[in-house]
Amino acid sequence: MNISQLTTFVAVVDHGSFSEAARALGISQPAVTMQIQALEADIDATLLDRGYRRVSLTEAGHVLLPYARHVIAELQAARQSIEELAGVVSGRITLAASTTPGQYLLPRILGGFLRVNAEVGVTLRVYDSADVVERVESGEADLGMTGAEVHGARVLYERLGSDELALICPARHELAARPAVTFAEIAEEPFIVRESGSGTRMAAEGAIRRNGIDPGDLNVVMELGTNEAIVSAVEGGMGLGIVSTHVASKSLQLGTVALLRGAGFPVERPLFLVLPRRTMSRAGEALANHLRGAL
């Protein structure tokens with residue numbers, strides 16, 4: 001039994017599959033399989049039941065898991081203490097982000113962080129806001145960034161900067177020529193919206209409610225998984241959409257969609273740093289401080 005085998009075992013449990021664990025660890029799936037088989041052979045017990053889509057713990061696996069986590073945590077603490085003596089920040093961080101910060105803000109910011117912290121590796125994963133918070137809460141991600149708070153989650157939120165949501169319509173729509181629109185004018189229009197759990201959708205529905213309209217009364221014709229897909233649908237004449245100005249900027253410049261003003265839009269929404277309710281590694285703290293300075 002060695003630390004690599006224990007680390008691989010915990011990764012498979014946390015990610016639910018051999019393939020996802022391999023991606024998180026940066027190794028091949030066969031290497032993950034070999035590590036688990038070697039560990040099971042060493043302790044002479046089956047640790048994982050291999051299902052069709054996910055793996056689950058056997059009784060022996062349930063017994064080993066807390067010990068494996070403890071050993072890994074103690075080793076990380078030892079490494080951190082040694083690194084503090086040398087003043088070096090190192091390690092690997094998983095950063096979870098919702099669509100807008102994950103695709104439009106963080107990639108350029110992370111470049112500056114990695115230039116200063118050459119011994120740190122960062123994995124950036126993009127989810128909807130609810131999934132970002134869930135992964136930070138569970139420990140699958142070290143920290144996160146979203147455009148909305150998910151209430152009831154056991155995480156800490158820290159506001160970092162803001163984003164602007166724009167109401168857009170097809171370029172040749174009759175409303176495109178209006179200097180301003182009202183909610184009465186847009187209430188019956190077809191809308192394309194993000195899926196439930198999206199920070200963009202949460203913020204848009206909040207703005208709509210503040211203007212006395214129930215979001216459930218909108219004529220929603222389609223739900224899509226990305227802001228880019230909404231822009232494409234609006235370009236295709238399918239209806240109105242609410243997206244970040246970062247996402248819509250190119251289409252607005254090309255004139256394939258039009259910006260509608262009025263009815264409470266454009267609306268500013270905060271961006272949040274999502275932090276775990278546990279002690280972060282020095283690398284995680286360094287990244288959080290860098291994001292605070294950049295945003």
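The values are calculated or read from the model by the stated rules, or taken from the named source; none is laboratory data. Since the model is a prediction, treat every value here as computed from it, not as a measurement. In this analysis, Cβ positions are derived from the backbone assuming ideal geometry, glycine residues included, and neighbour counts consider all displayed protein chains.
Within segment 66-101, if we keep just the residues that are assigned to a loop (DSSP other than H, G, I, E, B) and either touching a Pro at 6+ places or on another chain (Cβ under 6 Å) or of a type in the set (Ser, Thr, Tyr) (or both), the residue that is modelled with the highest pLDDT turns out to be 98. Taking residues in segment 51-62 that are assigned by TED's automatic domain parsing to the domain that holds residue 37, and partners anywhere that are loosely packed, with under 12 Cβ neighbours inside 10 Å and in a strand (DSSP E or B), the pairs with Cβ atoms closer than 7 Å and at least 6 places apart or on different chains are 55/49; 56/49; 58/49. Considering segment 25-55, and only residues there that are assigned to a helix (DSSP H, G or I), of a type outside the set (S, T, N, Q) and under 24 Å from residue 92 (Cα atoms), the residue that is modelled with the lowest pLDDT turns out to be 25.
Test each condition in (1) closer than 30 Å to residue 288 by Cα; (2) touching a Leu at 6+ places or on another chain (Cβ under 9 Å); (3) in a helix (DSSP H, G or I) for residue 242 and report the one that comes out false. Exception for residue 242: condition (3).
Taken over segment 229-274, the residue count meeting the criterion of being modelled with pLDDT under 95, touching a Pro at 6+ places or on another chain (Cβ under 8 Å) and charged (D, E, K, R) is 1.
Tell me, which residue of segment 262-279 that is in contact with a strand residue (DSSP E or B) (Cβ under 7 Å, 6 or more places away or on another chain) and not in a strand (DSSP E or B) is nearest to residue 130 (Cα to Cα)? Restricting to residues being in contact with a strand residue (DSSP E or B) (Cβ under 7 Å, 6 or more places away or on another chain) and not in a strand (DSSP E or B), the top hit is 277. Residue-level analysis places residue 156 outside the set of residues that are surrounded by 17 or more Cβ atoms within 10 Å (Cβ to Cβ) and part of a strand (DSSP E or B). For the criterion of being surrounded by 14 or more Cβ atoms within 10 Å (Cβ to Cβ), more than 30 Å from residue 163 (Cβ to Cβ) and not charged (D, E, K, R), residue 110 fails.
Every condition in (1) assigned to a strand (DSSP E or B); (2) out of contact with any Gly (no Cβ under 8 Å at 6 or more places or on another chain); (3) touching a residue at least 60 places away in the same chain (Cβ under 8 Å) holds for residue 252 except the one numbered (1). Counting only residues that are modelled with pLDDT of 85 or more and either surrounded by 15 or more Cβ atoms within 10 Å (Cβ to Cβ) or not in a loop (DSSP other than H, G, I, E, B) (or both), segment 184-198 holds 9 of them. With the structure loaded, tell me whether residue 58 is modelled with pLDDT of 90 or more and over 18 Å from residue 7 (Cβ atoms) or whether it fails that test. Spelling it out, residue 58 is indeed modelled with pLDDT of 90 or more and over 18 Å from residue 7 (Cβ atoms).
Summed over segment 26-44, the residues that are touching a Leu at 6+ places or on another chain (Cβ under 8 Å) and either over 12 Å from residue 11 (Cα atoms) or not assigned by TED's automatic domain parsing to the domain that holds residue 13 (or both) give a count of 3. Here residue 170 fulfils each of the conditions (1) modelled with pLDDT of 95 or more; (2) not assigned by TED's automatic domain parsing to the domain that holds residue 228 apart from (2). Remark: residue 216 matches the filter, which requires a residue to be outside any strand (DSSP E or B) and not aliphatic (A, V, I, L, M).
Applying the criterion of being in contact with a Phe, Trp or Tyr (Cβ under 9 Å, 6 or more places away or on another chain) and within 18 Å of residue 284 (Cβ to Cβ) to the residues of segment 142-153, the residue that is surrounded by the most Cβ atoms within 10 Å (Cβ to Cβ) is 146. Across segment 254-263, the number of residues qualifying as surrounded by fewer than 19 Cβ atoms within 10 Å (Cβ to Cβ) and under 30 Å from residue 294 (Cβ atoms) comes to 3.
The condition of being under 30 Å from residue 289 (Cβ atoms), in contact with a helix residue (DSSP H, G or I) (Cβ under 9 Å, 6 or more places away or on another chain) and not in a helix (DSSP H, G or I) holds for only one of 164, 223, that being 164. Residue count for segment 118-153 under the criterion of being in contact (Cβ under 8 Å) with a residue 60 or more places away in the chain, closer than 20 Å to residue 270 by Cα and part of a loop (DSSP other than H, G, I, E, B): the result is 4.
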